[in-house]
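I have placed the structure first, in the form of structure tokens, so that the comments after it can refer back to it.
The values are calculated or read from the model by the stated rules, or taken from the named source; none is laboratory data. Fair warning: this is a prediction, and the values are worked out from it, not measured in the lab. Neighbour counts are summed over all protein chains in view; Cβ atoms, including those assigned to glycine, are modelled from backbone coordinates with ideal geometry.
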Amino acid sequence: MKKQFTYIAVAFLFSGMLSAQKIDLNAMPKAGPTPSINIAQPKTFQLKNGLTVMVVENNKLPRVNMSLSMDRQPYYEGDVVGVSEIMADQLGNGTTTLSKDEFNKKIDFLGANLGFNSAGASSNSLSKYFPEVLGLMADAIINPKFSADEIQKSKERSIEAIKSEEKSASSIASRVSNALIYGKNTARGEFETVESLNKIQLADVQNIYKKYYAPDNAYLVIVGDVKFDKVKPLVEKAFSNWKKANTTFAALEPASNVAKTEINVVDVPTAVQSVVSVGNINNLKMKDPNYFPATIANYILGGGGEARLFMNLREKNGFTYGAYSNISASKYSPDFSAEASVRNEVTDKAVKEFMNEINGISTVKADELANAKAKLKGSFIMSLEQPATIARFAVSQKVNDLPADFYTNYLKSIDKVTAADVSTAVKATVMPNQSRIFIAGKASDISEGLEKLGYPVKYFDANANPVGKPVAQKVDASVTVASVVDKYITAIGGKANLAKVSSYTMNASMSMQGQTIDFKTVKAQGGKELTIVSMGAMTLQKQVFDGKAGYSEQQGQKVQMTKEEIADNLKNTELFEELAFSKSADYKLAGIEKIGGEDSYAIKTADKAYYYSVKTGLKTGETETVDAQGQKMTVPTVYADYKDVAGVKMPYTITVNQMGMDMTMNVKSYEVNQAKDTDFK
């Protein structure tokens, strides 16, 4: 089956996003003089248990936001890693005074949002219901009701989430890179597994709550339509019974950068894109002289669509949809990182360009420096429009031990930065010669190119364990393109049954951003094809090819197919395209790869790949390299859940991955031999 229809959803979903990026970078207005700012201080008080409360009065809207955060260092969970998240999932599941249903009904009745995490909580409500919501938050925090049944449900949800991420290069990259940097058996490097989650018991949840979910060094920020003199007694009444934990923390396990830059690869056999990150750890703090120069350096390197990484990897080379960097002055884990997801075939080239730009950031041009200053100052000034910013600054000032005038002088501090300051800061924070180049991708496709770059290359599994270089499976000499195709045709019903099918219609749907998207695809012999993407009664996109010419239509705009597109459609006009594979030398057997968890024979052309289960012969997936808004993109599709349709097996679950996001189409029906010539007009 051809899969042109699988790209239609992406066309309407992302075209608006991409076109919105077409801005005139040369029309930038000149920055005016740096304004003086006066940042009001929130009204603050502290309870005896250590909870600091900050109140920002703002009566523009009759709403109140609350945010609770705990200033504490990472702690090691060991055999039950993941227990903090399981604990947080229990908060709001009822209290010792209210059942789960009663608690949730009260929140719903008040029209409020109330959520909890392992290091705090947040809420949003109408101001007239603020006292009740404050009371419910405090009740959930101080009097949680932990039960073995609810904990088991949370564990099952978390385990399902882990299993769903097993093929995600981004998820694997995040987990393994931290483990390699800090050590997998440390507070900052450990990660949850199915095994660790299964070990969690009720006593573990209760213990982690008592030790770490406490008011010691905690901050409750209240912003909105409130009065301080009325808030204070309410908070004192609600939270005064929250007991201090007085937990002492062991020193964080030491961590250091590699002595010499190296490449770390985690093999993700199903990946069609490599997640590339370059980074290191440092000692940057917000109160350091290097903070503002480092912030400016990061903006110039990878702070947005006009930064060096973006302009190089996307605009110049078309390797990715975006490349960015970040310098964090986190209290407990300061670091530098630069990241992008790139096509497998350009992974080595992308790494080379990353390192070129990172090595070059110690020198900045005058116009880059001026532009970065203007953008950062503008962003800071805009943030002051939000009342919550005042409270956030106040918390940051205390947590990071900042001078009292840090934010008042923020704009002046940016203005003072020179190119020499940037160079000095880069040497202390970026360190290209002591960086880890971490890559999660398909090792069989990328390892050869990476090993030619001159850096040591080390391989790890998805659990951060060292492994040998992955070796591609060998294909038996008796296996050919023809034998793979024959097995596939036999598996789906045989040539005789395929010959009885002159056309088929597929009706499918997928859920996207809370909306149901419907697909109708009609295909017939001769390469004829109609695809309609709709949402309710509205047609989002239509694509037609009648075997000689065609067009696509979107938002009332009709675009005729080009000669090149027509020629591409006519390369293979078989309804079941495998029937034409033996007629062309373009199709090559390229080995065995994992697709959807199955060993699959790979048959490839210049821009497409087709995969067939070694065991069953059924098609497991396809990939195709396409051009989208001037960028090349490899789009994988996975087929599953085959069912008989008029003697021919057809897939009822079709998953397309776009820009790292899986979109699954569920087929509702197939209709055979119902197409008419008028369908393709």
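Descriptive notes on the structure:
- Whether a residue is in the same structural domain as Ser396 (by TED's automatic domain parsing), touching a residue at least 24 places away in the same chain (Cβ under 8 Å) and either surrounded by fewer than 21 Cβ atoms within 10 Å (Cβ to Cβ) or in contact with a strand residue (DSSP E or B) (Cβ under 9 Å, 6 or more places away or on another chain) (or both) was assessed, and Ala297 passes this test.
- Pro233, sole failed condition from (1) within 24 Å of Ala394 (Cα to Cα); (2) assigned to a loop (DSSP other than H, G, I, E, B): (2)
- Failed item, numbered, when Asp641 is tested on (1) more than 20 Å from Ser509 (Cβ to Cβ); (2) touching a residue at least 12 places away in the same chain (Cβ under 8 Å): (1)
- In the range 539-588, the residues that are on the phi > 0 side of the Ramachandran plot and either exposed (fewer than 15 other Cβ atoms within 10 Å of the Cβ) or part of a helix (DSSP H, G or I) (or both): Gln555, Gly556
- All conditions in (1) in contact with a strand residue (DSSP E or B) (Cβ under 7 Å, 6 or more places away or on another chain); (2) within 23 Å of Lys528 (Cα to Cα); (3) not charged (D, E, K, R) hold for Thr605, with the sole exception of (1).
- When the residues of the range 653-680 are filtered to those that are of a type outside the set (A, V, I, L, M, F, W, C) and closer than 23 Å to Val272 by Cβ, the one that is surrounded by the most Cβ atoms within 10 Å (Cβ to Cβ) is Asn657.
- Tallying residues that are surrounded by fewer than 19 Cβ atoms within 10 Å (Cβ to Cβ) and outside any loop (DSSP other than H, G, I, E, B) within the range 53-62 yields 1.
- In the range 270-283, the residues that are over 12 Å from Ile358 (Cβ atoms) and not assigned by TED's automatic domain parsing to the domain that holds Val626 form Cβ pairs under 8 Å with partners that are part of a loop (DSSP other than H, G, I, E, B) and among the hydroxyl-bearing types (Ser, Thr, Tyr), at six or more places apart or across chains, as follows: Ile281/Ser256; Ile281/Ser333.
- The listed residue being outside any helix (DSSP H, G or I) and either surrounded by fewer than 16 Cβ atoms within 10 Å (Cβ to Cβ) or of a type in the set (Ser, Thr, Tyr) (or both), out of Asn198, Asn185: Asn185
- Of residues in the range 586-617 being more than 29 Å from the chain's Cα centre (by Cα), hydrophobic (A, V, I, L, M, F, W, C) and closer than 15 Å to Ser483 by Cβ, the one modelled with the lowest pLDDT: Ala590
- Set side by side, the residues Ala169, Ala203 differ, and just one is more than 24 Å from the chain's Cα centre (by Cα), among the aliphatic types (A, V, I, L, M) and either loosely packed, with under 15 Cβ neighbours inside 10 Å or at pLDDT below 95 (or both), which is Ala203.
- Elements of the type strands (runs of 3 or more DSSP E) sitting completely within the range 269-364 and holding at least 2 residues that are charged (D, E, K, R) and within 17 Å of the chain's Cα centre (by Cα): these cover 335-343.
- Of all residues in the range 150-166 being among the small types (Gly, Ala, Ser) and closer than 24 Å to Lys442 by Cα, the one that is modelled with the lowest pLDDT: Ser164
- Residues that are free of Cβ contacts under 8 Å to residues at least 40 places away in the same chain, among the aliphatic types (A, V, I, L, M) and under 28 Å from Glu77 (Cβ atoms) do not occur anywhere in the range 90-113.
- Thr625 at pLDDT below 95 and either touching a helix residue (DSSP H, G or I) at 6+ places or on another chain (Cβ under 7 Å) or β-branched (Val, Ile, Thr) (or both): yes
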